[in-house]
Amino acid sequence: MSTALTDVTLLARLRAALPGRVAPPQVAHAEALLPGRTLQLQARDWASAAAALATFGARFSALWIDHGVRPWQGLALFADGGDYLLLHAELDSPNPALPSLTPHFAGAARSERGWHDLLGVDFVGHPDPRRWLRHQAWGEHEFPLAAPTQPPARTPADTTYPFTRVAGGAVHEVAVGPIHAGTIEPGHFRFATVGEQALQLELRLGYVHRGVQRIACGRDAAGLLRLAARVSGDSAVAHAWAAAMALEHAAGVTPPARALALRAVLAERERVANHLGDAGGIANDVGFSFAHVQFGALRERWQRRSAELFGHRLLFDVLTPGGVRVDVDAAAIASLRADHIALRAVLRPLIDIVLDHPSLDDRLVGTGVLSAGDARALGCLGYVARASGQDLDVRRDAPYAPYDHLGVRVPVYTQGDVVARLRVRLDEIGIALDLLDALLADLSAGATMVTWAAPAGGGTGLGIVEGWRGETVAYVRLDALGRVACYAPRDPGVMNWPALERLLPGNIIPDFPVCNKSINGSYAGHDL
Amino acid sequence: MLRILNRIARTGKLTEPLDTSASLEALGITVQRTLDARFAGSLAIRHIDAGSCNGCELEVQALGNPYHDLERFGIHFVASPRHADALLVTGVVTRHMQAALLDAWQAMAAPHLLIAAGDCACDGGEFGCSYASLGAVENVLPVDVRIPGCPPTPAVLLRGLLAALGRAR
């Protein structure tokens with residue numbers, strides 16, 4: 001499947017596929033956009049490039065419009081294993097347009113609708129003209145990131161969204177949200193059902209669109225990291241690390257080895273905390289409160305240790321441009337290793353119970369199956385992809401320090417059901433504990449940060465890390481004064497949300513909560 | 001089943017006594033009503049994320065874990081605003097959540113209480129006002145109790161909620 005081993009990069013293959021239509025290599029900023037190899041194209045060649053990439057089996061990863069510079073720049077990130085290719089095209093100024101990637105990559109559909117809503121970029125050939133991130137506060141030709149707008153004092157409810165209808169005498173619709181029954185984020189789910197069985201699910205997101213891209217503009221590097229930690233609070237380290245990596249690439253700053261190792265410690269702690277919480281949450285959604293309570297207690301203890309040692313239960317604001325704000329001494333390392341031993345000892349019998357409990361099997365096995373084909377077509381990430389046969393993990397495929405010195409094991413299952421997504425999480429807790437032990441055993445001495453200096457004359461950078469939810473991407477443009485001119489984060493939830501629509505049909509409505517929890521997309525990370 | 005019972009027995013009771021040492025004034029709480037009489041010692045809460053990063057949600061969820069066990073104080077979360085005494089709002093109020101938030105508030109029976117939890121809900125926090133965000137909850141609805149923090153820890157949330165109940169001391 002992967003062509004990276006044959007040393008034929010997407011870039012080389014695409015150059016061969018598009019003779020004469022590829023601009024000479026752009027050396028400016030090429031380093032900063034690593035690990036992506038940038039290929040500059042005319043906007044009109046965007047679709048042929050996408051078509052060729054689809055035939056190569058490339059994975060669509062992210063799309064964003066750099067609107068911090070004129071003319072706007074369209075950027076689309078593709079991957080094949082650890083080989084990243086960045087398509088780059090300048091947009092026309094009065095009428096910004098790009099051919100749609102969606103006919104070739106289904107996972108690009110909502111990203112394109114979102115960028116159309118915010119900037120008015122016309123994605124020519126997009127099959128779905130409906131609004132996505134822009135609800136009812138703006139007129140048809142008002143694009144809030146492109147020009148100042150005057151929304152009404154009270155935004156009307158988004159009640160007229162044209163959901164895809166399912167016809168038939170016995171079919172009825174169930175509307176859920178934006179406010180859900182539990183303590184979770186808002187979004188709307190529209191089910192078409194016959195009896196208890198779901199025929200179709202359609203998502204309507206965007207309710208927590210806060211304007212992250214606009215709020216980022218004008219911030220300094222430290223301010224950007226504060227915002228990045230709050231793109232999706234459960235992924236504070238992942239988004240802050242991706243943004244810090246982008247900033248550091250842009251500025252040519254390399255954090256000390258100890259800082260990078262500590263970032264990995266924080267990222268793995270975030271992974272363990274979330275997987276513990278999700279394992280309990282999945283059990284809770286099928287009424288197995290024993291496991292919910294047990295995993296909830298483990299997560300709470302883990303978070304308390306994060307607060308004691310790193311100053312924050314959810315590890316907000318522990319990264320800084322050029323390093324980290326935290327450090328560990330010998331006593332802390334010893335106590336962390338004792339934590340890991342204790343957690344392993346408690347988890348082993350608990351996992352045995354969870355994976356060998358008939359009434360739990362009855363609800364989880366064979367529920368919410370995402371096929372390998374759908375996972376690949378949508379570009380799913382993280383545990384969702386790995387439970388459906390997609391063997392991918394940035395830490396192994398395009399390793400960044402300190403993972404380039406660590407062997408990262410990647411659990412892959414092929415069943416694609418809820419229990420497979422649970423198993424990936426449970427395996428990853430153990431793998432993360434091993435990584436944490438390895439990181440702490442071999443922690444370089446030295447500083448935890450270098451002085452941050454913004455690049456003279458500005459710059460751009462890309463950061464790609466494997467967060468607990470999957471590949472997390474950030475693109476940053478700094479202006480000549482070192483202030484953020486464009487910040488485009490891509491949460492892995494963006495790529496995983498559509499999987500919920502694919503896997504639900506055929507399941508019963510009462511299994512929706514556990515299906516949803518097993519995907520656990522971030523609303524905030526999606527809506528921005 | 002024996003394994004489960006064995007684990008439960010070995011886990012024991014994790015729930016902690018409440019730490020009441022911190023001064024409630026330091027938490028920035030203003031109790032505007034005498035709640036004991038009105039809510040008869042029990043508070044039903046409907047939570048709404050009006051534009052949070054989901055950090056506050058994680059900590060509100062943690063109130064239910066065995067260490068905190070919120071329900072022992074007579075405080076519980078309910079699914080409908082019609083069943084709720086208090087609305088617990090996290091996050092800034094996005095334009096897209098404005099109508100839903102106002103509708104939920106409208107649906108509640110009086111007397112009702114509005115609790116803003118987290119820096120975003122209290123003062124706009126890291127997001128503040130933007131084309132997409134109306135900022136703090138008080139820009140949209142009258143707020144009775146503020147529980148600051150980014151996010152407020154479960155202990156801080158708990159003390160804030162108890163203060164709202166008027167029985168923390």
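The values are calculated or read from the model by the stated rules, or taken from the named source; none is laboratory data. Computed from a prediction, not measured in an experiment: that's the story for all the values here. Please note: Cβ atoms are built from the backbone with ideal geometry, for glycine as well, and neighbour counts cover all protein chains shown.
Quick one: in segment A:139-151, of everything that is of a type outside the set (S, T, N, Q) and more than 9 Å from chain B (Cβ to nearest Cβ), which residue is nearest to A:His67 (Cα to Cα)? Even if it seems obvious, please write down each step before you answer.
To start, the set of residues in segment A:139-151 that are of a type outside the set (S, T, N, Q) comprises A:139-148, A:151.
Subsequent filtering for residues that are more than 9 Å from chain B (Cβ to nearest Cβ) retains A:139-143, A:146-147.
Numbers: A:Gly139: 21, A:Glu140: 20, A:His141: 18, A:Glu142: 16, A:Phe143: 13, A:Ala146: 8, A:Ala147: 11 Å.
Checking each candidate, the answer is A:Ala146.
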Given A:Ala222, A:Ala250, which one is of a type in the set (Gly, Ala, Ser) and modelled with pLDDT under 95? A:Ala250
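Test A:Phe123 against the criterion of being at pLDDT 95 or above, aromatic (Phe, Trp, Tyr), within 20 Å of the chain's Cα centre (by Cα) and surrounded by 14 or more Cβ atoms within 10 Å (Cβ to Cβ), and give yes or no.
In short, no.
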Does A:Thr160 satisfy being within 18 Å of A:Arg134 (Cβ to Cβ), surrounded by fewer than 22 Cβ atoms within 10 Å (Cβ to Cβ), in contact with a Phe, Trp or Tyr (Cβ under 7 Å, 6 or more places away or on another chain) and β-branched (Val, Ile, Thr)? no
Answer yes or no: is there a residue in segment A:439-450 that is within 26 Å of the chain's Cα centre (by Cα) and under 22 Å from A:Gly211 (Cα atoms). no
Give me the residue from segment B:60-72 that is under 14 Å from the mean Cα position of the chain (by Cα) and facing chain A (nearest Cβ under 7 Å) and, out of that set, surrounded by the most Cβ atoms within 10 Å (Cβ to Cβ). B:Val60
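Return a yes/no flag: does segment A:57-68 have any residue that is part of a helix (DSSP H, G or I), of a type outside the set (Asp, Glu) and surrounded by 24 or more Cβ atoms within 10 Å (Cβ to Cβ).
Checked segment A:57-68: no residue is part of a helix (DSSP H, G or I), of a type outside the set (Asp, Glu) and surrounded by 24 or more Cβ atoms within 10 Å (Cβ to Cβ).
Of the residues A:Ala242, A:Ala279, which single one is in a helix (DSSP H, G or I) and closer than 30 Å to A:Ala453 by Cβ?
Answer to the check: A:Ala242.
Conditions tested, residue by residue: (1) surrounded by 18 or more Cβ atoms within 10 Å (Cβ to Cβ); (2) among the polar types (S, T, N, Q); (3) on the phi > 0 side of the Ramachandran plot.
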position: A:Gly322; (1), (2), (3): yes, no, yes
position: A:Asp352; (1), (2), (3): no, no, no
position: A:Arg363; (1), (2), (3): yes, no, no
position: A:Leu381; (1), (2), (3): yes, no, no
position: A:Gly389; (1), (2), (3): yes, no, yes
Within segment A:431-451, how many residues are of a type in the set (A, V, I, L, M) and in a loop (DSSP other than H, G, I, E, B)? 4
Would you mind finding the one in A:Arg130, A:Arg154, A:Arg110 that is of a type in the set (D, E, K, R) and within 14 Å of chain B (Cβ to nearest Cβ)? A:Arg154
So, A:Gly182, is that one closer than 28 Å to B:Asp119 by Cβ, within 8 Å of chain B (Cβ to nearest Cβ) and within 27 Å of the chain's Cα centre (by Cα) or not? yes
All positions within segment A:194-241 that are closer than 24 Å to A:Phe316 by Cα and among the β-branched types (Val, Ile, Thr): A:Val208, A:Val212, A:Ile215, A:Val231, A:Val237
Which residue out of A:Val166, A:Val176 is of a type outside the set (Asp, Glu) and under 29 Å from the mean Cα position of the chain (by Cα)? A:Val176
From the residues in segment B:111-125 that are within 13 Å of chain A (Cβ to nearest Cβ) and in contact (Cβ under 8 Å) with a residue 40 or more places away in the chain, which one is nearest to the chain's Cα centre (by Cα)? B:Ala117
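With respect to B:Leu157, is the statement that it is out of contact with any Pro (no Cβ under 7 Å at 6 or more places or on another chain) and not in a loop (DSSP other than H, G, I, E, B) true?
yes
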Within segment A:434-447, residues modelled with pLDDT under 95 and not aliphatic (A, V, I, L, M) come out as A:Asp442, A:Ser444, A:Gly446
Any idea which of A:Leu247, A:Leu260 is within 15 Å of A:Ala488 (Cβ to Cβ) and either assigned by TED's automatic domain parsing to the domain that holds A:Val318 or more than 21 Å from the chain's Cα centre (by Cα) (or both)? A:Leu247
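Given A:Ile431, A:Ile353, which one is modelled with pLDDT under 95, more than 26 Å from A:Leu247 (Cα to Cα) and out of contact with any Leu (no Cβ under 6 Å at 6 or more places or on another chain)?
After applying the criteria, what remains is A:Ile353.
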Within segment B:73-88, is even one residue closer than 21 Å to A:Thr155 by Cβ, within 12 Å of another protein chain (Cβ to nearest Cβ) and in contact with a His (Cβ under 9 Å, 6 or more places away or on another chain)? yes
What are the residues in segment B:100-146 that are closer than 25 Å to A:Leu227 by Cα and assigned to a strand (DSSP E or B), if any? B:Ile115, B:Ala116, B:Ala117, B:Cys129, B:Ser133, B:Leu134, B:Arg146
Could you grab me the full set of residues in segment A:276-294 that are within 11 Å of chain B (Cβ to nearest Cβ), touching a Ser or Thr at 6+ places or on another chain (Cβ under 9 Å), surrounded by fewer than 23 Cβ atoms within 10 Å (Cβ to Cβ) and not aliphatic (A, V, I, L, M)? A:Phe288
